[in-house]
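The values are calculated or read from the model by the stated rules, or taken from the named source; none is laboratory data. Everything numeric in this text was worked out from a predicted model, so none of it was measured. Note that we place each Cβ from the backbone using ideal geometry, even for glycine, and neighbour counts take in every protein chain shown.
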């Protein structure tokens with residue numbers, strides 16, 4: 001995506017399933033933002049982010065499909081806007 005990223009972060013000793021939200025996610029996101037900002041010399045991130053705990057295979061499949069299809073959807077929508 002040209003203006004944001006999506007990712008699935010795997011936690012819990014090699015499994016992606018978590019019984020409850022974890023405090024590790026804010027630390028991971030903060031570290032990612034900090035290291036990226038230092039590398040670029042400026043911040044490119046907004047203050048907040050959206051997280052979702054994947055609790056089962058169906059939930060994972062939905063998240064993965066969204067991530068997989070989102071760039072294609074953005075391109076199609078952007079091309080429609082430019083064609084108007």
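Just one of 82, 46 is part of a loop (DSSP other than H, G, I, E, B) and modelled with pLDDT under 90; which is it?
Numbers: 82 fails: part of a loop (DSSP other than H, G, I, E, B).
Criteria check complete, one pass: 46.
Restricted to the range 4-20, and to residues that are more than 13 Å from the chain's Cα centre (by Cα) and surrounded by fewer than 11 Cβ atoms within 10 Å (Cβ to Cβ), which residue is modelled with the highest pLDDT? Filtering the range 4-20 for residues that are more than 13 Å from the chain's Cα centre (by Cα) and surrounded by fewer than 11 Cβ atoms within 10 Å (Cβ to Cβ), the one modelled with the highest pLDDT comes out as 13. For the range 35-74, the set of residues classified as surrounded by 10 or more Cβ atoms within 10 Å (Cβ to Cβ) and touching a helix residue (DSSP H, G or I) at 6+ places or on another chain (Cβ under 8 Å) consists of 43, 45, 49, 51, 52, 54, listed by residue number.
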